[in-house]
């Protein structure tokens, strides 16, 4: 049974479900990333979460990476490991 840590937030009036993924996500092809993202979106909706699923992962250099609409980049550029530890307390399980 897969278990993923998530945070649900509202940024600039947009509901988001941020999900922590393994660093390997960043090395996948754009097509594979989109397929994974669609699966998470469907699972989040089925679990009763509203909003767009935004994957967040750490690079080998320790940088926080994400896939989000450009208008939300200023918010995501402020995310730190401390923010993740404090806010990613919910889980998405299936």
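The values are calculated or read from the model by the stated rules, or taken from the named source; none is laboratory data. As the structure is a computational prediction, the values presented were derived from the model and not from experiment. Here the Cβ positions follow ideal geometry from the backbone for every residue, glycine too, while neighbour counts run over all protein chains shown.
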Self-check item: The listed residue being on the phi < 0 side of the Ramachandran plot, in contact with a strand residue (DSSP E or B) (Cβ under 7 Å, 6 or more places away or on another chain) and surrounded by fewer than 16 Cβ atoms within 10 Å (Cβ to Cβ), out of 63, 43, 50
Solution: 50
Practice problem: For residue 33, state whether it is at pLDDT 95 or above and surrounded by 13 or more Cβ atoms within 10 Å (Cβ to Cβ). | Solution: yes
Quiz item: What number of residues within region 80-90 are closer than 24 Å to residue 48 by Cβ and either touching a strand residue (DSSP E or B) at 6+ places or on another chain (Cβ under 7 Å) or in contact (Cβ under 8 Å) with a residue 12 or more places away in the chain (or both)?
Solution: 5
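Please go through region 56-72 and give me each residue that is in a loop (DSSP other than H, G, I, E, B) and under 9 Å from the mean Cα position of the chain (by Cα), ordered by number.
Taking region 56-72 first, the residues in a loop (DSSP other than H, G, I, E, B) are 59-63, 67-69.
Correct list: 67, 68.
Do you know which residues across region 11-22 are more than 16 Å from residue 89 (Cβ to Cβ) and either part of a strand (DSSP E or B) or touching a strand residue (DSSP E or B) at 6+ places or on another chain (Cβ under 7 Å) (or both)?
Looking only at region 11-22, we keep the residues that are more than 16 Å from residue 89 (Cβ to Cβ), and these are 11-15, 21-22.
Answer for region 11-22, where residues must be more than 16 Å from residue 89 (Cβ to Cβ) and either part of a strand (DSSP E or B) or touching a strand residue (DSSP E or B) at 6+ places or on another chain (Cβ under 7 Å) (or both): 11, 14, 15, 21, 22.
In region 28-38, what count of residues is obtained for those that are more than 18 Å from residue 73 (Cβ to Cβ) and part of a helix (DSSP H, G or I)?
If we filter region 28-38 for residues that are more than 18 Å from residue 73 (Cβ to Cβ), which is where we start, we get 28-29, 31-32, 34-36, 38.
With the extra rule that they be part of a helix (DSSP H, G or I), the set shrinks to 31-32, 34-36, 38.
Of the residues in region 28-38, 6 are more than 18 Å from residue 73 (Cβ to Cβ) and part of a helix (DSSP H, G or I).
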Quiz item: When region 39-55 is examined, which residues are found to be in a helix (DSSP H, G or I) and within 12 Å of the chain's Cα centre (by Cα)?
Solution: 40, 41, 44
Quiz item: If you take the residues of region 73-94 that are under 17 Å from residue 59 (Cα atoms) and assigned to a loop (DSSP other than H, G, I, E, B), which of them is nearest to the chain's Cα centre (by Cα)?
Solution: 79
Exercise. Would you check if residue 25 is crowded, with 16+ Cβ neighbours inside 10 Å, assigned to a helix (DSSP H, G or I) and modelled with pLDDT of 95 or more?
Key: yes
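Which residues, counting only those in region 16-38, are under 13 Å from the mean Cα position of the chain (by Cα) and more than 22 Å from residue 80 (Cβ to Cβ)? Lay out the reasoning, then the answer.
Pass one, region 16-38, residues under 13 Å from the mean Cα position of the chain (by Cα): 16-23, 25-26, 33-34, 36-38.
If the condition is that a residue be under 13 Å from the mean Cα position of the chain (by Cα) and more than 22 Å from residue 80 (Cβ to Cβ), then 33, 34, 36, 37, 38 are the ones that fit.
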